[in-house]
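Working notes, structure below.
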Amino acid sequence: MGRVDTLDTRPPLQPDARAGGWTMVLPLKPLALAKSRLAAAVGPLRPGLALAFAVDTAAAALRCAEVARLLVVTDDPLAAGELAALGALVVPDEPGAGLNAALRHGVRVARERHGAGPVAAMSADLPALRPLELGRVLRAAAAHPRAFLADTQLIGTTLLAAGAGVPLGPAFGGASRLRHAASGARELAPAGVPSVRRDVDTPDDLRVALDLGTGPRTTALSALADLCGPIR
């Protein structure tokens, strides 16, 4: 799949808007490879669901008052186009060396273009994300040089934040909660943020997200997937 480079063709995203706000960095692998654990349940709709998750996540993040801009790292041309249309800056995954390398690249680009303000890496599969809940997490993170939010299972990480000028130090993948804690990042425990913890990797995850209330793209495509057989 060819590389996507919108970095030099799109203007910066209103660098003065919401001064002091957070830059969110979302990584997204090529849709053909994304969300493999959903394949048995949703079949050929899997890439579309991966895109729906990312679109709903990005749209919610952009509505959060604490978020100044959204930067997406992806080489998928379809996802790049849709997310750029929402208002995200899309940059190619130049390292091509996995999730954490992509995040470090995204943070580097963000700080080169917009200064050394606070940054947060967030999963692109939070289709039930609520802007107010994300804002609550970011306000809690602002009290620490580095901080993270664990997923619902308290095993992985859905959000990792770093203050102005502080290296992000991402260690996502698998049991990342322990790795982020061991790296010195503060674990956040704000009340009432289930949508920021609920990433989706499995059919059971998707069912829980749907119960929370997913964004319109995920809701519509999940209903279509159910026509092909129950999500189980």
Under the Karplus curve 6.51 cos²θ - 1.76 cosθ + 1.60, θ = phi - 60°, whole-Hz ³J(HN,Hα) for region 137-147, x wherever Gly or Pro sits: 5, 5, 5, 5, 5, 4, 7, 9, x, 9, 7
Leu129, Leu99, ranked by accessible area, largest first (probe 1.4 Å): Leu99, Leu129
With 10 Å bins from 0: P(r) over the chain, alpha-carbon pairs, percent: 8, 36, 39, 16, 2
Ranked packing of 167-174, 69-76, 131-138, 182-189, most packed first, by mean Cβ within 10 Å: 69-76, 131-138, 167-174, 182-189
Shape of region 52-168, Cα gyration tensor, a/c cut at 1.5: rounded
Nearest-10 value in Å² for the accessible area of Arg63, using the 1.4 Å probe: 150 Å²
Mean residue ellipticity (222 nm) of the chain, computed from DSSP H runs ≥ 4 via -39,500 (n - 2.57), nearest 500: -11500 deg cm²/dmol
Accessible-area composition of the chain, carbon plus sulfur, in percent [1.4 Å probe]: 59 percent
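Order the following by accessible area, largest value first: Glu112, Glu82, Glu94. Probe radius 1.4 Å; ligands, DNA and RNA are ignored.
Values: Glu112 140, Glu82 60, Glu94 105 Å².
In descending accessible area the options line up as Glu112, Glu94, Glu82.
The values are calculated or read from the model by the stated rules, or taken from the named source; none is laboratory data. Predicted model only: the values in this text are computed from it and were never measured. Neighbour counts run over all protein chains shown; Cβ positions are idealised from the backbone, glycine included. Heavy atoms of the whole protein, side chains included, go into the accessibility calculation; ligands, DNA and RNA do not. Shrake-Rupley method; radii C 1.70, N 1.55, O 1.52, S 1.80 Å.
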